[in-house]
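Here is the structure we will look at, set down as structure tokens.
The values are calculated or read from the model by the stated rules, or taken from the named source; none is laboratory data. What you see is a predicted model, and the numbers here were worked out from it, not measured in a lab. Cβ placement follows ideal geometry from the backbone for every residue including glycine, while neighbour counts extend to all protein chains displayed. Keep in mind that these areas ignore ligands, DNA and RNA; they rest on the heavy atoms of the full protein, side chains included. Shrake-Rupley method; radii C 1.70, N 1.55, O 1.52, S 1.80 Å.
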Amino acid sequence: MTHISQLTLSNFRNFVHLDLQLKSGVCVFFGGNAQGKTTILEAMYLLAIARSFRAENERELVNFKAAAVGEQALVSGAIEKKDERFSVYVGYQPQLKHRESNNGKSTVNGSLAETASFVDNSNVSVRKQIRVRRKPCTGTELVGLVGAVLFSADDIELVYGSPAIRRRYLDILLSQSDSNYIKMLQRYRRVVQQRNQVLKALKERRANLDELDFWDDQLIKEGSGVIWRRNDAMGRLAIFATEHYKNLSDLNQILAITYLPSIPCGSDIGDTEYIFKNRLHEVKARELAQCSTAIGPHRDDVALTVDQRDMGVFASRGEARSVALSLRLSEASYLSSAKGEEPIILLDDVLSEMDMQRRIRVLQKITAYEQAIITTTDQDVVELHLGSGPDYFHVLDGSVNNVT
Ligand code: ATP
Ligand code: MG
């Protein structure tokens with residue numbers, strides 16, 4: 001059982017200050033475009049996955065005016081679990097860089113915002129600080145403490161988008177449910193980076209082949225671990241996905257999700273390592289020419305088919321949305337079963353694009369969770385189905401009013 005009972009924002013995007021008390025159950029944030037609805041979900045999800053789901057660079061999160069004068073942005077939440085309550089805090093302290101102004105004089109930024117033709121916080125870098133129960137910790141340590149699943153309109157890219165989007169889906173799911181996974185994944189990513197540098201050095205004759213052997217061993221060890229865990233998770237996820245898809249429509253079609261590892265999974269982890277080693281040997285010449293690691297979990301994908309039709313190629317928009325919804329519902333089912341704890345459900349403006357039947361079924365599913373936060377531009381859409389049950393909040397220009 002997990003829910004957020006309090007959310008405080010300072011200088012977070014268009015919220016200069018916000019202090020929200022939240023109950024378990026359903027909370028609805030409604031309002032026009034560009035008022036701050038997604039920002040509220042972004043803040044909540046930040047407490048779960050330790051970073052923004054949409055900012056390319058986290059300096060974008062600091063309110064423009066606050067960034068210009070060096071004030072920090074802050075998201076903090078009180079998390080309620082079965083028998084404990086704890087605080088999570090994520091702060092971004094902007095560090096102003098000095099830059100040349102148009103007339104060649106160096107200026108302290110702040111004035112730059114007025115002379116620039118647009119504002120993007122690019123004159124700022126941020127120092128991020130995370131605290132759990134008031135104690136400093138790393139993002140890796142935070143992930144998994146507060147389970148959450150975010151549904152967004154962009155989820156359709158899980159179907160149509162590049163393999164990287166599907167890998168990210170798997171990585172977030174596994175990182176939240178298995179603290180060893182996130183550490184292993186980070187080690188793997190570092191190994192790929194270092195190995196690519198050695199490949200480059202070899203091409204430029206600055207290194208010898210023995211150095212590569214060490215990185216090959218690391219790559220095989222960490223990579224096989226990642227593949228093996230992904231493979232294991234996919235088995236369980238696939239069952240949830242087929243079930244959720246069937247439940248969303250009455251068509252009785254079969255959604256199959258299949259892991260496509262870049263190296264075949266062996267019968268056990270030792271076998272995977274053996275296959276990895278052989279494959280690596282086969283691609284070595286190509287890797288040396290391209291200075292990049294050619295195989296491994298950073299090249300994995302997930303196949304999505306409905307009655308054996310490849311959804312990436314043949315899905316209609318509606319089908320793609322249903323597949324994406326099924327993947328998110330499966331993520332929630334998976335986290336519940338793997339952690340024995342329900343994730344917080346965050347729905348960013350996805351109800352209005354569903355037909356009536358899907359809307360009813362999705363709402364049925366998500367309202368069974370301990371806490372579901374819904375944003376919408378159209379309050380009526382939610383009210384039609386949930387009546388006066390939820391708490392309703394009106395979001396207007398970076399402020400929030402409880403109108404329940
Ligand atoms: P929509 O219905 O269009 O999805 P929304 O209510 O979800 O809108 P948000 O995405 O939360 O809106 O954005 C709210 C506003 O905050 C936007 O106008 C955005 O440009 C603005 N904004 C984003 N980053 C910052 C920042 N760092 N400082 C100030 N304002 C910002
Ligand atoms: Mg939005």
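Distance from the Cα centroid of region 67-94 to that of region 303-380 is 28 Å (rounded to whole angstrom).
Electrostatic bookkeeping for Gln95 treats Lys and Arg as +1 and Asp and Glu as -1; over the other residues with beta carbon under 10 Å from its beta carbon, the sum is +3. The GNM of the chain, with springs linking C-alpha atoms under 10 angstrom apart, assigns the highest mean-square fluctuation among Ser267, Ser76, Ser125 to Ser267.
By its C-alpha gyration tensor, with a ≥ b ≥ c as the square roots of the eigenvalues, how is region 302-381 shaped: rounded for a/c under 1.5, else prolate for a/b larger than b/c, else oblate?
Details: a/c = 2.48, a/b = 1.20, b/c = 2.08.
Cα axes put region 302-381 in the oblate bin.
What percentage of the solvent-accessible surface of the chain, computed with a 1.4 Å probe over protein heavy atoms, is contributed by carbon and sulfur atoms?
Values: 9110 of 18860 Å².
Carbon-and-sulfur percentage of accessible area, whole number: 48.
Peptides 131-142, 226-237, 251-262 ranked from most to least packed give 226-237, 251-262, 131-142, packing being the mean of other C-beta atoms within 10 angstrom over each peptide's residues. Judged by the mean number of other Cβ atoms found within 10 Å, the most tightly packed of the peptides 279-288, 239-248 leads the ranking 239-248, 279-288. Phi angles of region 44-54 translate, via the Karplus equation with coefficients 6.51, -1.76, 1.60 and θ = phi - 60°, into HN-Hα couplings of 5, 5, 4, 5, 8, 10, 6, 7, 6, 7, 10 Hz per residue; Gly and Pro are given as x.
Please compute the net charge surrounding Gln197, taking Lys and Arg as +1 and Asp and Glu as -1 over other residues with Cβ under 12 Å from its Cβ. Mind dumping the intermediate values first?
Working: positive: Arg190, Arg195, Lys200, Lys203, Arg206; negative: Glu204, Glu211.
Once all neighbours under 12 Å are counted, the net charge is +3.
Say R0 is 25 Å: what FRET efficiency, to the nearest 0.05, do Lys183 and Glu341 get from their beta-carbon distance?
0.80
For the chain, what does the alpha-carbon gyration tensor say about shape, rounded, prolate or oblate, given a ≥ b ≥ c as the root eigenvalues, a/c under 1.5 as rounded, and a/b over b/c as prolate? In terms of gyration-tensor shape, oblate.
Charge tally for Arg361 (other residues, Cβ to Cβ under 15 Å; Lys, Arg +1; Asp, Glu -1): +2. How many angstrom lie between the C-alpha centres of region 185-213 and region 254-277? Comparing the Cα centres of region 185-213 and region 254-277, I get a distance of 24 Å. A Förster radius of 56 Å combined with the Cβ-Cβ distance from Asp83 to Ala55 puts the calculated FRET efficiency at roughly 0.95. Springs between Cα atoms under 10 Å define the GNM used for the chain, and in it the highest mean-square fluctuation of Glu341, Glu370, Glu211 occurs at Glu211. Considering helices alone, the calculated mean residue ellipticity of the chain at 222 nm is -14000 deg cm²/dmol, with DSSP H runs of length four and up weighted by -39500 (n - 2.57) and normalised per residue. Under 13 Å of direct C-alpha separation, and excluding same-chain neighbours fewer than eight residues apart, Lys277 reaches these aspartates and glutamates: Asp213, Asp216, Asp217, Glu222.
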